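In what follows, a single structure is set out as structure tokens and then discussed.
The values are calculated or read from the model by the stated rules, or taken from the named source; none is laboratory data. Because the structure is predicted, anything quoted here is derived from the model rather than measured. Methodologically, a virtual Cβ is constructed for each residue, glycine included, from the backbone with ideal geometry; neighbour enumeration extends over all protein chains shown.
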Amino acid sequence: MTTEGARPVSSGVRPVVRAARFAIAHTPALIASGSKPRRELASRGAAEREALLRHLRSFEDAVRYPPHQVMLGTLPPEALRGISRPWHDRPVDAARAEGPGGRMLDEMEFYAWLARADAASLLYLTPEFARTLRSFGAPERVQTMAAPDLARAVERGAEPLRRTSDETVGAIVPAHEQDESLAAPVLLENLAAKVTGGLALRALLDAVDADTPVDYLIGCGEEAVGDRYQRGGGNLAKAMGELAGVRTAGASDVKSFCAGPLHALLVAGAFVAGGVYRRVVVVAGGSLAKLGMKYRGHLAAGYPVLEDVIVGAAIDVVPDDGRSPILRLDAAAVHRVGDGAAPHQMAQVLSAAPLRAAGLRLSDVDRYAVELHNPDITEPAGSGDVPYRNYQMIAALAAQAGEIERSAMDRFVEAHGMPGFSPTQGHIASAVAYLPHAIAGLTEGPLRRVQFVAKGSLFLGRMTNMADGASLLLERNGAPPAGGRPA
Amino acid sequence: MIDLHDKLVLALGERDGIPAQAIAACAESAGGRVVYAATQCFV
């Protein structure tokens with residue numbers, strides 16, 4: 001790893017990032033359990049709930065949504081430039097719910113997996129819904145509760161499971177009456193993360209080298225699993241491994257808000273480079289809490305509520321296979337305690353410095369995967385085009401370094417950037433959303449280098465005013481060296 | 001140069017924009033009294 005002033009690290013075994021898969025659960029009825037809608041609906045009453053329900057998307061619409069097809073790997077991100085916005089008005093014809101980047105599942109299948117993943121027996125379904133759900137993969141034996149009893153349980157703190165009709169079909173009950181860490185909404189969030197991460201892991205292993213055992217799982221999602229004595233104790237990765245039937249792996253978590261996945265990839269690369277493990281999979285569940293975070297902006301714009309998916313990810317890191325892109329540990333960077341947090345300082349530390357240390361210029365990188373939040377989601381809520389702002393900063397550094405004319409910044413952004421396409425699922429949108437495309441482009445396509453840059457909002461936890469960040473460089477296997485050092 | 005003497009300042013930063021601490025430092029240098037500073041992440 002290289003940061004300015006730090007000593008480069010080299011190793012014998014070169015790690016590669018072989019594959020990445022997403023599991024995208026379309027869960028419109030759970031939007032009301034997202035943090036923002038939960039609070040707004042409680043204060044604004046029935047009319048607000050009805051307005052929200054009127055703006056939910058069908059699974060078919062979610063599958064045909066162009067940015068979701070980019071996540072699934074069937075459309076390149078650049079294709080979005082040719083599709084007029086808002087993109088939900090331009091559904092993709094003959095779209096499928098799976099592709100080389102992963103798969104989408106509808107709410108019924110998601111609920112079935114919640115039932116299968118409920119190791120602590122806290123989930124109850126109405127008898128009718130339990131029967132219906134069996135055809136979607138739910139276990140034969142599911143705890144049931146009649147609708148009137150469910151309603152009473154919800155009054156006592158259970159978290160309801162609803163359908164988009166607003167009908168309550170089940171609930172998850174608290175695991176302890178006095179433990180906020182085991183409150184029903186927290187448990188549902190964690191179970192949703194377990195399911196989406198576990199399904200992404202299963203999708204990865206079904207598609208890639210099923211015969212080679214996974215030695216280690218590194219979790220990097222944004223959930224906090226634990227009880228009152230170890231809030232956020234973690235290791236949901238191991239639970240995901242259990243759900244996915246991965247019996248060979250040990251596991252632990254790496255946490256850093258949205259930057260977690262890149263830190264986890266660096267740890268995975270180091271494990272492989274050091275010979276500690278031969279196959280490491282980085283896993284992350286999705287964030288139920290972020291469902292509908294900007295729904296009020298979407299309602300005001302007349303959009304459907306676009307934050308209606310929970311996304312899990314699984315990323316395969318193995319020793320050099322002669323084909324997959326090299327994870328260059330000597331060209332990675334982390335944001336250090338003493339580094340500044342202004343956007344230009346972050347870009348300098350995470351993008352320019354590690355490239356310069358590796359003998360590369362900013363323009364030697366074909367694509368930058370930055371914060372790839374879908375602007376159709378963020379702009380109606382006033383958050384602007386986040387990836388574009390990140391690209392402008394990298395282009396400004398290229399101009400400052402004399403690599404390009406200032407007048408060429410827009411061309412640099414177009415050539416080295418891409419439109420945002422990721423659901424606003426925090427750690428998923430932070431660079432790794434591009435991984436399936438990067439791996440394809442660096443093996444079968446024309447790309448030579450892709451830099452991944454992620455930032456984490458540590459200050460949200462109120463323990464520091466710092467932000468965090470990490471970056472890594474993926475390079476085409478066998479690419480001739482550019483700059484000072486061979487790959 | 002804006003003069004913030006006798007002004008109370010709420011410094012609201014944004015993760016991909018200007019951090020609250022930077023806003024607060026600027027406001028204080030202009031004579032303002034920062035009574036609240038927080039950086040938010042809107043994604």
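A few points about this structure:
- Yes/no for A:T424 being assigned to a loop (DSSP other than H, G, I, E, B) and either over 20 Å from the mean Cα position of the chain (by Cα) or closer than 21 Å to A:R323 by Cα (or both): no
- For the stretch A:374-387, the tally of residues that are more than 8 Å from chain B (Cβ to nearest Cβ), part of a helix (DSSP H, G or I) and closer than 14 Å to A:A429 by Cβ stands at 4.
- A:I394 vs. criteria within 14 Å of another protein chain (Cβ to nearest Cβ) and either touching a Cys at 6+ places or on another chain (Cβ under 8 Å) or part of a helix (DSSP H, G or I) (or both): yes
- Out of A:A95, A:A120, one residue alone is surrounded by fewer than 19 Cβ atoms within 10 Å (Cβ to Cβ), assigned to a loop (DSSP other than H, G, I, E, B) and not β-branched (V, I, T). It is A:A120.
- Pair list, Cβ < 9 Å and 6+ apart or interchain, from the stretch B:31-43 residues that are more than 7 Å from every other protein chain (Cβ to nearest Cβ) to residues that are in a strand (DSSP E or B) and among the charged types (D, E, K, R): B:Q40/B:E14
- With a requirement of 2 or more residues that are away from chain B (no Cβ under 14 Å) and hydrophobic (A, V, I, L, M, F, W, C), the helices (runs of 4 or more DSSP H) lying completely within the stretch A:283-373 that satisfy it span A:295-301, A:353-357.
- Residue list for the stretch A:188-221, filter: within 30 Å of A:P174 (Cα to Cα) and either of a type in the set (S, T, N, Q) or not in a helix (DSSP H, G or I) (or both): A:N190, A:T196, A:L217, A:I218, A:G219, A:C220, A:G221
- Selection within the stretch A:242-282 - in a loop (DSSP other than H, G, I, E, B) and touching a Cys at 6+ places or on another chain (Cβ under 6 Å): A:V254
- Tally of residues being within 27 Å of the chain's Cα centre (by Cα) and not aliphatic (A, V, I, L, M) across the stretch A:152-169: 5
- The lone exception for A:G340 - which of (1) surrounded by fewer than 23 Cβ atoms within 10 Å (Cβ to Cβ); (2) in contact with a strand residue (DSSP E or B) (Cβ under 9 Å, 6 or more places away or on another chain) it fails: (2)
- Residue count, the stretch B:1-30 (criterion: of a type in the set (A, V, I, L, M, F, W, C), more than 8 Å from chain A (Cβ to nearest Cβ) and surrounded by 13 or more Cβ atoms within 10 Å (Cβ to Cβ)): 11
- Some residue of the stretch A:464-483 being modelled with pLDDT of 95 or more, closer than 21 Å to A:R18 by Cα, buried (at least 24 other Cβ atoms within 10 Å of the Cβ) and within 14 Å of chain B (Cβ to nearest Cβ): no
- Selection status of A:V186, touching a helix residue (DSSP H, G or I) at 6+ places or on another chain (Cβ under 7 Å), free of Cβ contacts under 8 Å to residues at least 40 places away in the same chain and farther than 19 Å from A:V280 by Cα: no
- The lone criterion from (1) more than 10 Å from chain B (Cβ to nearest Cβ); (2) in a strand (DSSP E or B); (3) under 18 Å from the mean Cα position of the chain (by Cα) left unmet by A:K455 is number (1).
- Test: residue in the stretch A:440-452 that is in contact (Cβ under 8 Å) with a residue 60 or more places away in the chain, within 14 Å of chain B (Cβ to nearest Cβ) and not basic (K, R): no
- Some residue of the stretch A:374-383 being aliphatic (A, V, I, L, M) and without any contact (Cβ under 8 Å) to a residue 40 or more places away in the chain: no
- Taken as a whole, the stretch A:234-241 holds no residue that is in a strand (DSSP E or B), surrounded by 19 or more Cβ atoms within 10 Å (Cβ to Cβ) and of a type in the set (A, V, I, L, M, F, W, C).
- Meets criteria (assigned to a helix (DSSP H, G or I), touching a residue at least 60 places away in the same chain (Cβ under 8 Å), surrounded by fewer than 17 Cβ atoms within 10 Å (Cβ to Cβ) and touching a helix residue (DSSP H, G or I) at 6+ places or on another chain (Cβ under 8 Å)) for A:A62: no
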